[in-house]
1. What are the residues in the stretch 28-55 that are within 9 Å of the chain's Cα centre (by Cα), surrounded by 14 or more Cβ atoms within 10 Å (Cβ to Cβ) and not in a loop (DSSP other than H, G, I, E, B), if any?
2. Restricting to the stretch 12-27, count the residues that are free of Cβ contacts under 8 Å to residues at least 12 places away in the same chain and buried (at least 16 other Cβ atoms within 10 Å of the Cβ).
3. Quick one: in the stretch 16-37, which of the residues that are of a type in the set (A, V, I, L, M) and out of contact with any helix residue (DSSP H, G or I) (no Cβ under 8 Å at 6 or more places or on another chain) is nearest to P51 (Cα to Cα)?
Amino acid sequence: MNPTESYWSYEAVQALISLVREGAPASVISLKLKRSITEVRAKINDLGLTPLAEA
């Protein structure tokens, strides 16, 4: 694990999955979960989810 990455709790991962399924873009998810867009995109990628394209 990269030292700059923070730990993702079970609840945070579930919230991320839920937001992706609702169609929220990474920028919105980033704000809601108080994480960087890079972190959010990396976790979405790790989980094999397809994020909504940014407008």
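1. If the condition is that a residue be within 9 Å of the chain's Cα centre (by Cα), surrounded by 14 or more Cβ atoms within 10 Å (Cβ to Cβ) and not in a loop (DSSP other than H, G, I, E, B), then I29, S30, L33, I37, E39, V40, R41, A42, K43, I44 are the ones that fit.
2. Final tally of qualifying residues: 0.
3. The qualifying residue nearest to P51 (Cα to Cα) is I17.
No lab work stands behind these numbers, since they all come straight from the coordinates. All values reported here derive from a predicted model rather than from experimental measurement. Don't worry about glycine lacking a Cβ; one is built from the backbone with ideal geometry, like all the others, and counts go over all protein chains shown.
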